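To start, the structure under review is shown below, and the notes come after it.
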Number of protein chains: 2
Amino acid sequence: MTKTITIAHGNGGAENNELIQKIFYKHFANDILSKSEDAAVIEDGRLAFTTDSFTVSPLFFSGGDIGKLAVCGTCNDLAMMGAKPKYITCSVIIEEGFSTRDLEKIVKSMKNELEINGAIVVSGDTKVVPRGSVDKLFINTTGIGEIEHKNISASALTEGMSILVSRDVGTHGATIFAAREGIELESSLKTDCASLYPQVKALMDANIKIIALRDATRGGVSAVLNEWARSSDVCIEIKEENIPVQEEVKGICEMLGFEAIDLANEGTFILAVDKEDELHALDVLQKTHVTSAIIGTVTALYKGKVLLNSSWGTKRFLDLPTGELLPRIC
Amino acid sequence: MTKTITIAHGNGGAENNELIQKIFYKHFANDILSKSEDAAVIEDGRLAFTTDSFTVSPLFFSGGDIGKLAVCGTCNDLAMMGAKPKYITCSVIIEEGFSTRDLEKIVKSMKNELEINGAIVVSGDTKVVPRGSVDKLFINTTGIGEIEHKNISASALTEGMSILVSRDVGTHGATIFAAREGIELESSLKTDCASLYPQVKALMDANIKIIALRDATRGGVSAVLNEWARSSDVCIEIKEENIPVQEEVKGICEMLGFEAIDLANEGTFILAVDKEDELHALDVLQKTHVTSAIIGTVTALYKGKVLLNSSWGTKRFLDLPTGELLPRIC
């Protein structure tokens with residue numbers, strides 16, 4: 001570890017993992033935490049439990065705001081464990097001088113998104129800090145969900161399984177970057193920020209056996225695929241051309257020097273299913289987003305690695321993202 | 001509500017209540033939240049669930065640090081509902097450039113305090129924000145506890161019951177103020193910050209029927225008593241001379257122009273029991289702190305009000321604290 005914490009330590013990628021392992025897991029070590037799932041499974045597998053703090057800047061952006069994000073983020077982590085979001089806590093840290101009207105707008109966004117999930121806020125906390133101690137407003141949401149589909153796990157992938165993505169990738173990262181840099185967009189690019197429980201429920205209602213499920217937030221699709229390859233000790237082979245990316249996101253990626261698969265999403269997930277379920281799963285996903293796609297397959301070629309196959313036959317490893325990426329993306 | 005949020009909106013007193021009512025309860029309204037207890041009671045009364053964000057400044061102070069505080073604060077809210085702290089989430093927001101060594105010190109403090117409670121961290125989140133976006137480090141902890149003593153409630157006080165305090169009051173507020181202002185203290189004044197579950201367990205093991213229990217954090221003893229008087233629609237009469245306050249805390253209060261009963265505590269609770277249990281309860285409390293005391297009684301004199309009786313026979317109402325008090329006390 002470096003002597004001081006750097007922006008890269010919050011990137012959702014390699015340095016972030018190092019910080020978590022060397023400081024937090026080291027001291028807090030226990031069987032539940034070390035599973036590194038999107039949410040902890042507690043109470044004999046009945047409940048899922050997860051936390052997230054939101055520091056996104058700007059607070060309001062195309063397609064969402066920090067309130068919507070705070071509810072989606074935590075509810076999605078529950079949904080990704082096959083759990084129905086149920087009870088949420090909401091803790092807000094507000095900078096002195098913050099607009100009461102903006103605060104109410106944010107709380108209303110939270111309320112709307114809670115209704116989509118069928119969840120309620122049961123406990124809260126409000127701190128106000130002097131000017132300069134925080135940049136405007138941060139929100140923590142922590143949630144409990146009731147597990148409806150058991151045994152979803154990053155460690156459960158085996159050879160032959162199929163990998164799907166629920167929609168086109170990178171819109172959240174691109175939207176926040178554009179908003180922050182004041183880039184005028186001609187079209188309607190907006191964040192993918194959305195509650196994912198309805199889509200997970202649709203998969204369950206269709207009796208699809210979900211093997212692994214994870215929303216591609218910080219670190220993007222690259223982080224999810226690498227974590228799965230490592231946790232399950234398999235190779236994940238991806239057809240690069242099958243990864244759906246909007247033209248506008250591609251344009252912003254070129255400006256940034258980033259790849260869309262490294263960008264954060266807030267309403268996009270990766271799904272692993274048995275080969276025989278792939279078309280059925282795709283059919284269910286496409287009812288919400290026509291851009292959803294089968295992007296790859298699990299093999300034994302390079303265990304613990306993600307392999308990108310291009311349409312002209314070249315192959316390269318896709319690594320866990322490193323470096324600064326975009327701070328305060330969520 | 002004012003157009004912008006002020007420091008007073010985070011005081012644990014009147015303005016804080018207004019913010020919570022007019023913005024958060026208004027939109028999040030539900031039966032569990034509106035009970036305004038220290039923790040939400042969920043899952044048919046089996047579990048307690050609570051959240052707290054910690055922004056204390058300085059991060060290290062006499063008798064504790066933000067890590068110890070973050071575990072005590074959330075575990076105590078569970079203990080105050082008669083629950084054994086069980087699962088904790090930990091979400092940390094770190095300013096770029098923060099010392100890795102200090103971070104590890106804080107995490108170690110958390111670990112020590114978790115052991116006292118017999119609780120584990122099962123899920124976490126780490127955000128790093130650019131310099132100036134947060135002052136050093138904030139922590140959110142959210143916890144689930146298993147309820148061992150049912151029906152503890154701020155609304156359960158009736159005439160004749162006794163009110164006790166678990167130790168001398170105001171040390172946390174006085175310690176933070178002294179640390180912040182660089183006041184050199186001759187003696188050993190330190191925060192009361194401590195995990196309260198062991199004391200609650202001692203009360204339960206002694207078969208004392210706990211009517212109401214609340215730790216006197218932001219807003220101090222005054223806030224707890226006022227909230228109880230209002231929730232239970234009773235008068236709480238306090239003998240002012242019976243409230244234990246250390247000499248050094250009194251001195252700092254004089255400098256500040258505050259009263260010790262308005263100052264924040266982080267390991268001090270108020271307990272309501274039936275009259276016939278008061279001496280037994282006092283005996284149990286005094287095994288931990290010899291300064292614990294019976295401070296008052298529930299009457300029907302002025303419903304919804306707290307009455308302070310001085311030793312020379314004068315009476316005055318004790319109000320919910322108002323104004324700025326000390327920001328970033330917890």
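The values are calculated or read from the model by the stated rules, or taken from the named source; none is laboratory data. Because the structure is predicted, anything quoted here is derived from the model rather than measured. Note that each Cβ is placed from the backbone with ideal geometry, even for glycine, and that neighbours are counted across all protein chains shown. Ligands, DNA and RNA are stripped out before the accessible areas are found, and what is left, the full protein with its side chains, is counted by its heavy atoms. Shrake-Rupley method; radii C 1.70, N 1.55, O 1.52, S 1.80 Å.
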Rounded to whole angstrom, the alpha-carbon centroid of the range A:28-77 lies from that of the range B:62-93 at a distance of 19
State whether the range A:2-41 is rounded, prolate or oblate according to the following rule on the C-alpha gyration tensor (a ≥ b ≥ c being the square roots of its eigenvalues): a/c under 1.5 gives rounded; otherwise a/b larger than b/c gives prolate, and the remaining case gives oblate.
-> oblate
If you take every DSSP beta bridge whose two residues both sit in the range A:162-318, what share of them, in percent to the nearest 5, is antiparallel?
-> 85
Just read off the accessible area of A:Lys201 with the full protein assembly in place, 1.4 Å probe, to the nearest 10 Å².
-> 80
Longest to shortest principal axis, alpha-carbon extents of the protein assembly as shown, angstrom = 93, 44, 41
For A:Ser34 and A:Thr4, compute 0.36 nm times the residue count separating them, minus their Cα-Cα distance, and round to one decimal in nm.
-> 8.4 nm
Give me D for chain B in µm² s⁻¹, whole number, from Stokes-Einstein with Rh from the Kirkwood sum over alpha-carbon pairs, 20 °C and 1.002 mPa s.
-> 107
Mind ranking A:261-268, A:229-236 by how tightly packed they are, going by the mean number of other C-beta atoms within 10 angstrom, highest first?
-> A:261-268, A:229-236
If you average the sequence gap of Cα pairs under 8 Å that are 6 or more apart and divide by the length of chain A, what percent do you get for the contact order?
-> 24
HN-Hα J in Hz across the range B:232-242 - Karplus 6.51, -1.76, 1.60, θ = phi - 60°, x for Gly and Pro | 9, 6, 10, 9, 10, 9, 10, 8, 3, 5, 7
Specify the angular offset, from 0 to 90 degrees and rounded to the nearest 10, of the alpha carbon long axis of helix B:171-181 from the longest principal axis of the alpha carbons in chain B.
-> 40
Percent of all alpha-carbon pairs of the range A:31-147 at distances over 21 Å, whole number, is 37
How high is the relative contact order of the range A:31-147, in percent, counting Cα pairs under 8 Å that sit 6 or more residues apart?
-> 40
Selected from A:Asn140, A:Gly160, A:Ser188, residue furthest toward positive end of dipole (the range A:122-188; charges at beta carbon) | A:Asn140
What residues from the range A:281-297 fall in the zone where the backbone N is under 12 Å from a label point 7 Å along the Cα-to-C-beta line of A:Glu241?
-> none
Using a/c under 1.5 as the rounded threshold, could you call the range B:162-317 rounded, prolate or oblate? The axes a ≥ b ≥ c are square roots of the C-alpha gyration tensor eigenvalues, and prolate needs a/b larger than b/c, oblate otherwise.
-> oblate
Between the range B:264-291 and the range B:152-205, how many Å separate their Cα centres?
-> 10
Apportionment of accessible area to carbon and sulfur, the range B:162-317, percent (1.4 Å) | 49
Across B:37-46, the residue-averaged tally of Cβ atoms belonging to other chains within 10 Å stands at 3
Gyration tensor on Cα atoms of the range B:115-243, a ≥ b ≥ c root eigenvalues, a/c under 1.5 rounded, else prolate if a/b beats b/c, else oblate, says oblate
What accessible area, summed over both chains, is buried at the A-B interface (1.4 Å probe, Å², nearest 100)?
-> 6500
The range A:162-318, dipole about Cα centre (Lys/Arg Cβ +1, Asp/Glu Cβ -1), debye to the nearest 20 = 480
Rounded to the nearest 20 debye, dipole of the protein assembly as shown from Cβ charges on Lys, Arg, Asp, Glu | 20
So, by mean Cβ neighbours within 10 angstrom, what's the order for A:317-327, B:28-38 with the highest one leading?
-> A:317-327, B:28-38
Go through A:Met204, A:Ile236, A:Met255 and say which Cα lies farthest out towards the positive end of the charge dipole of the range A:169-290; charges sit on Cβ, +1 for Lys and Arg, -1 for Asp and Glu.
-> A:Met204
Electrostatic dipole magnitude of the range A:1-130 [Cβ: Lys, Arg +1; Asp, Glu -1; Cα centre; debye, to 20] | 40
In square angstrom, what is the accessible area per residue of the protein assembly as shown with a 1.4 angstrom probe?
-> 37
Relative to the other copies, what are the label-point distances for B:Lys3, with labels 7 Å from Cα along the C-beta vector, expressed in nm at one decimal and sorted shortest first?
-> 4.8
Taking amide H positions as placed 1.01 Å from N in the peptide plane, with prolines and chain starts having none, which residues 5 or more places from B:Thr4, or on another chain, fall under 5 Å of its amide H?
-> A:Thr100
Loop only per DSSP, at most 12 neighbouring Cβ atoms within 10 Å: give me the trypsin sites (Lys or Arg not before Pro) in the range A:247-324, ordered by residue number.
-> A:Lys287, A:Lys303
Apportionment of accessible area to carbon and sulfur, the range B:31-147, percent (1.4 Å) | 46
